[in-house]
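A short write-up of the structure that comes next.
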Amino acid sequence: QVQLVESGGGLVQPGGSLRLSCAAPRNIFSNNVMGWYRQAPGKQRELVARITRGGSTNYAVAVKGRFTISRDNAKNTVALQMNSLKPEDTAVYFCNADPPWLYYWGQGTQVTVSS
């Protein structure tokens, strides 16, 4: 089966920005709420942002005001613009539906915020 494919991570200094992208199979993207999740070392995976097909968004308290989620329904893609990054944002970032489709998790993309 086709998995979700995340890209755009990297090493950035505190205060910097990154834009993550995710390509999703049509069967998971269509008619589903999509989300960005992250998992830091030793911690559970958490949902940080979600977006409905119509464009309504919700954010975790830790990222609200700094991260912006968007989606392109024609291209089956979802993006996460991350600004004012902090060391505590360091994690592997994944996209998936909300609630997640368990067998579709991709490899994620590593985001490291460090000076």
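The values are calculated or read from the model by the stated rules, or taken from the named source; none is laboratory data. Model, not experiment: these values are computed from the prediction. In this analysis, Cβ positions are derived from the backbone assuming ideal geometry, glycine residues included, and neighbour counts consider all displayed protein chains. Side chains included, ligands, DNA and RNA excluded: accessible areas come from the protein's heavy atoms. Shrake-Rupley method; radii C 1.70, N 1.55, O 1.52, S 1.80 Å.
Residue count for region 99-115 under the criterion of being of a type in the set (A, V, I, L, M) and either free of Cβ contacts under 8 Å to residues at least 40 places away in the same chain or in contact with a Pro (Cβ under 7 Å, 6 or more places away or on another chain) (or both): the result is 2. The one condition from (1) within 11 Å of the chain's Cα centre (by Cα); (2) under 15 Å from residue 84 (Cα atoms) that residue 65 does not meet is (1).
Those strands (runs of 3 or more DSSP E) of region 50-98 in which at least 1 residues are open to solvent by less than 40 Å² (accessible area, probe 1.4 Å), closer than 15 Å to residue 35 by Cβ and in contact (Cβ under 8 Å) with a residue 24 or more places away in the chain, considering only elements entirely within it, cover 67-72, 77-82, 91-97.
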